[in-house]
Structure formats: C-alpha cells, structure tokens
Amino acid sequence: MPLTSLDLSGKVAVVSGGYGVLGASLASGLAAAGARVAILGRRREQAEAKAEEIRATGADAYVLVADVLDDDGIRAARNQLLQAWGRIDILINAAGGNVMRARNDNRSIFEVPLDAFDEVLRLNLHGTVIPALAFAETMAEQRFGCMVNISSMAASRVLSGVLGYSIAKTGIDSFTKWMAVEMARKHGDGLRVNAIVPGFFVTTQNEKVLINADGSFTERSTNIIAHTPMGRFGRPEELIGVVQWLCSDAASFVTGAVIPVDGGYSLFSGV
C-alpha cells in the first residue's frame, strides 16, 4: 500500500467517548476509512445507537461498556474486544469534557470546590491515561499501534474560567510526548502516539456557554470568533481528516506531534 494512502482496512479501532459530538464524528471517520470500530463508554444505549449508525453504512462496529476512570473495567473491555476481534490497532481517547461546577466564569477561583477541581482533572487526564495504558499494552505486545489523544486550546492559551480543565489538557500534551518516546524506544517504530488540538467546536457540554437560549452567540463566543482568523466555529467532521492521516501508514514517521485543528485561533493575537 502506498504511504500516501489513508486506507485503514483491516485495522481495529477503539474510540472512547465515541458517542459524544466529536468522538462520534471520529468514529464515523475511521469506519469510513475501512476500520472496524469499537465504541467505548459508560452509556450502553448511546453506544449501541452509534454502533448501529456505523453498521448501517456497511462497516463493522462493536460496543464496549466501561468507565474510562475504572482501570479494571477498561482492561476487561480490552480483553473482551481481543476475544471478539483479535487485535487492537488504534485508540482514540475522545472521552472528557468540562465540569460545570469547576468553572469560575462568574465567581472567584477561590470559590471553586477542590473536589470539583479534582473531578475535572481526573475526567480529562486520568480518563485518557487509564485507557491509554491498558490498550497500549496490547499494542506493545503486537509491536504495532497508533494512539491519538485530544488536547485543547486551553493547554497553550489561558482561557478564563477553566483552570482544572486547562491543567488536565496541558497534562495530555506532556503525556502524549512522553508516551511517544516510551513506546517507540522500548517497543519499536510501529508504535506511534500523537494528539490533536481542536479549536472551538459547539458540543453538548459547552453549548450553554457558547450559545444563548435564543440561538445567538454569547459574549464568549463573539470573542472566540473574533480571534479565529477563519471567523467561525469548527465542524466536527473537520477533525476526521487529520485523525485518519495520523492513524494511517501515511503518517508512519509521525509521533509525539500535537497538531492544532483550530481555524488559526492559536496563531492570532487579535491584532
């Protein structure tokens, strides 16, 4: 197969949070490229619905019910998939999101409960590290596999109101680079770990922060758009191409990369 091909036929992919707005789009994109896709998450009904949507396109889909913060549950899900499909080639760590009570948009940071800070940190950092270590163990045994983590603009730019989320996503960047070195040096050049950095996309979790009840943009949205050279929010399907590339042989010499997909937001000072 030429190294320019994005074909993922024969590959087995796992997408945590695969029924969320961004995760669901990535799951569909991997299936469209030929991968067999396992949807991993806590909510069986939503996972089954996404799996059925993928199967309706003629692709293979599987459901794994587990909490990304439960190491035993994640390892049991991994073993279940290995019994069903025999291998694991791709892991997309798309589970995560903010925790509203950890935000301090309209209050002092000193009023945010520490347990809320811990909750958002664990969801976004531990919720990537736990499945990453479980599934990467299998990839290391195979001496082949690709992991893609989801970072955030909050890792490199100060975004007001989201201290815990920002720290967690900064940790994702560091974890991505560390694991890229660890996997390649100890388990071979067939193991790659990268991350994408989405700009601003409207999702179920952030919709109330970005969109008013009447459908108009909030002040926060207006500021985001003003600092995005492309002048708009991203569309979930606009993440698919870079993830297909990272998971394919076309990116066989790419590891430890943290790639913005942000319409230029990370570049622009506003001036």
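When the Karplus curve 6.51 cos²θ - 1.76 cosθ + 1.60 is applied with θ = phi - 60°, which whole-Hz ³J(HN,Hα) does each residue of region 139-154 get, with x for Gly and Pro?
4, 5, 5, 6, 6, 7, x, 9, 10, 10, 9, 10, 8, 7, 4, 5
Compute the semi-axes of the equivalent ellipsoid of region 50-170, taking the square root of 5 times each eigenvalue of the Cα gyration tensor, and list them largest first in whole Å.
Whole-Å semi-axes of the equivalent ellipsoid: 32, 15, 14.
Could the peptides 164-172, 64-72, 89-97, 43-51 be put in order, highest first, of the mean number of other beta-carbon atoms found within 10 Å of their residues?
Answer by packing, highest mean first, reads 89-97, 164-172, 64-72, 43-51.
Under a crude label model (7 Å from the Cα following the beta-carbon direction), how far is residue 259 from residue 82 in nanometres?
If labels sit at residue 259 and residue 82, their model points lie 2.9 nm apart.
Which ordering of 128, 204 is given by a fewest-first count of other beta-carbon atoms within 10 Å?
Ranked by crowding around the Cβ, least crowded first: 204, 128.
Amide H to amide H under 5 Å from residue 261: which residues, 5+ apart in sequence or cross-chain, H placed 1.01 Å off N in plane?
Those lying under 5 Å, H to H, from residue 261 are 197, 199.
Along region 212-228, what does the Karplus equation 6.51 cos²θ - 1.76 cosθ + 1.60 (θ = phi - 60°) give for ³J(HN,Hα), rounded to whole Hz, x for Gly and Pro?
6, 4, 8, x, 7, 6, 6, 4, 4, 4, 4, 5, 4, 4, 5, 9, 10
Taking the alpha carbon gyration tensor of the chain, what are the square roots of 5 times its eigenvalues, largest first, to the nearest whole Å?
30, 20, 19
Please grab the % of Cα pairs in region 181-271 that end up more than 15 Å from each other.
Value for region 181-271 (Cα pairs over 15 Å): 66 percent.
Counting other beta carbons within 10 Å of each residue's own, what order do 200, 217, 117 fall into, fewest first?
Result, fewest neighbours first: 217, 117, 200.
Only the coordinates and a few stated rules stand behind these numbers; no lab work does. This is a predicted model, so every value here is computed, not measured. Here Cβ is always computed from backbone atoms with ideal geometry, including for glycine, and neighbour counts include all displayed protein chains.
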